[in-house]
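What follows is a set of notes on a single structure, which appears directly below.
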Amino acid sequence: MIVQSPTVLESQPLIEVRHLKVHFPVNRSLTGRPRAWVKAVDDISFSICKGETFSIVGESGCGKSTTGYALLGMLKPTAGELYFEGRPLESDDEEGRRMVRRQMQIVFQDPFASLNPKMCIGESIAEPLRAAGTPQEKIPGLVADLLDMVGLHRSYADRLPNQFSGGQRQRIVIARALAMQPKLIVCDEPVSALDVSIRSQILNLLLKLQQELGISYLFISHDLSVVRHLSDRVAVMYLGHIVELATAEELFTNTFHPYTKALFSAIPRIEPERKKAHRFILQGDLPTPLNPPRGCPLITRCPFRQSICDQSMPELQEIHPGHSVACFRAKEFGPFTSFSESFSEK
Ligand SMILES: Nc1ncnc2c1ncn2[C@@H]1O[C@H](COP(=O)(O)OP(=O)(O)OP(=O)(O)O)[C@@H](O)[C@H]1O
Ligand SMILES: [Mg+2]
């Protein structure tokens, strides 16, 4: 697999997310008033540079997809500001917002669910082109070019989705996302539904397209070895918060947050002795975002907790240039340096 250098970090941000909150109202009363809120994303800030792969990792339910959907305008943020190339997304009129949103596309986990089973794939790829007002006579040529770009034969345009393998279907979904010449693609678990043997083909396709077209990716995945190889920077989320953010190289070598330590130590290892030595398991269950703990979100499970940890929320603070951690005691206990070994074992 190809490893990218994080040189893009110096370039201008394509996306800026400031203090984003997405709270879902639940348990509505008869009058329709919510009785409670799920704090799926609770005050996160980050930026994505042009041509960068920015990944989000964390346990199921920590708010990864919600972050991506809010960025794409599929969910309305409860609070916070989103900027695209320096312009606030909300300041534009409806047409302006639509134009910007076309430049941000998404590739979901399940390519079959993303395609209309009754529509030939040429039509599926042409749909967004038509919606954007592309003249009819140009569409067949553009569809053929998009199929070329994702490594599928032009003659496949007349076929239905069920005539393709899972990997080919994901290529079709990527071609459709590329139709709008996006500057950002949110990849939400883009290879987890695919056979292991074809995962790397799709990941290499994403990298090739990034190198050719300069696209930025917001990459969401549970597969930490993929994240390590593909990403420029990585944010670790826990219960709606970013708890650690660094370049992939730095994060997987010098980990400071106890949650990141636990997350990385869950990576399967081959040698049983080293397996035991590296194991760091958090006690207790993941709290619900309906009723998150006061103070540090990890307080209910952290072996390093002190009284300060339940008094206030630790802010994400730079511990080294480009490496931020939200933990009062990070410097005392970190960095935990042994994780890179687990990857070299693979
Ligand atoms: N529409 C909704 N209404 C209420 N709660 C929601 C809604 N959408 C998501 N949630 C909750 O918000 C939290 C974050 O969900 P999200 O889908 O962002 O998690 P995730 O990190 O993408 O998880 P996974 O890895 O399983 O995909 C979860 O607790 C989820 O149950
Ligand atoms: Mg998700």
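Observations
- Ile185 touching a Lys or Arg at 6+ places or on another chain (Cβ under 9 Å) and of a type in the set (Val, Ile, Thr): no
- Checking Gln170 against (1) crowded, with 20+ Cβ neighbours inside 10 Å; (2) of a type in the set (S, T, N, Q); (3) over 17 Å from Asp148 (Cα atoms); (4) out of contact with any Ser or Thr (no Cβ under 7 Å at 6 or more places or on another chain), the condition it does not meet: (3)
- Count of residues meeting criterion [assigned to a loop (DSSP other than H, G, I, E, B), away from ligand 1 (no atom under 13 Å from the Cβ) and surrounded by fewer than 19 Cβ atoms within 10 Å (Cβ to Cβ)] in the stretch 44-77: 2
- Note on the stretch 108-129: among residues that are in a helix (DSSP H, G or I) and open to solvent by less than 40 Å² (accessible area, probe 1.4 Å), the one that is farthest from Ala144 (Cα to Cα) is Pro128.
- Among (1) within 16 Å of ligand 2 (Cβ to nearest atom); (2) surrounded by 13 or more Cβ atoms within 10 Å (Cβ to Cβ) - the single one Gly80 does not satisfy: (1)
- Listed by first and then second residue, the pairs with beta-carbon distance under 9 Å, at least 6 apart or on different chains, first residue in the stretch 107-131 and over 28 Å from Glu95 (Cα atoms), second open to solvent by 80 Å² or more (accessible area, probe 1.4 Å) and assigned to a loop (DSSP other than H, G, I, E, B), are Cys120/Arg159.
- From Arg199, Arg176, Arg159, Arg169, residue being at pLDDT below 95, basic (Lys, Arg) and away from ligand 2 (no atom under 16 Å from the Cβ): Arg199
- Filter result for Asp223 (surrounded by fewer than 24 Cβ atoms within 10 Å (Cβ to Cβ), in contact (Cβ under 8 Å) with a residue 12 or more places away in the chain and within 16 Å of ligand 2 (Cβ to nearest atom)): yes
- Pair list, Cβ under 7 Å, 6 or more apart: the stretch 56-73 residue more than 18 Å from Leu230 (Cβ to Cβ) and among the polar types (S, T, N, Q), other residue open to solvent by 10 Å² or more (accessible area, probe 1.4 Å) and in a loop (DSSP other than H, G, I, E, B): Thr66/Leu75
The values are calculated or read from the model by the stated rules, or taken from the named source; none is laboratory data. Just so we're clear, the structure is a prediction, and the values are computed from it rather than from any experiment. When we count neighbours, we look across all protein chains shown, and the Cβ atoms used for this are built from the backbone with ideal geometry, even at glycine. Keep in mind that these areas ignore ligands, DNA and RNA; they rest on the heavy atoms of the full protein, side chains included. Shrake-Rupley method; radii C 1.70, N 1.55, O 1.52, S 1.80 Å.
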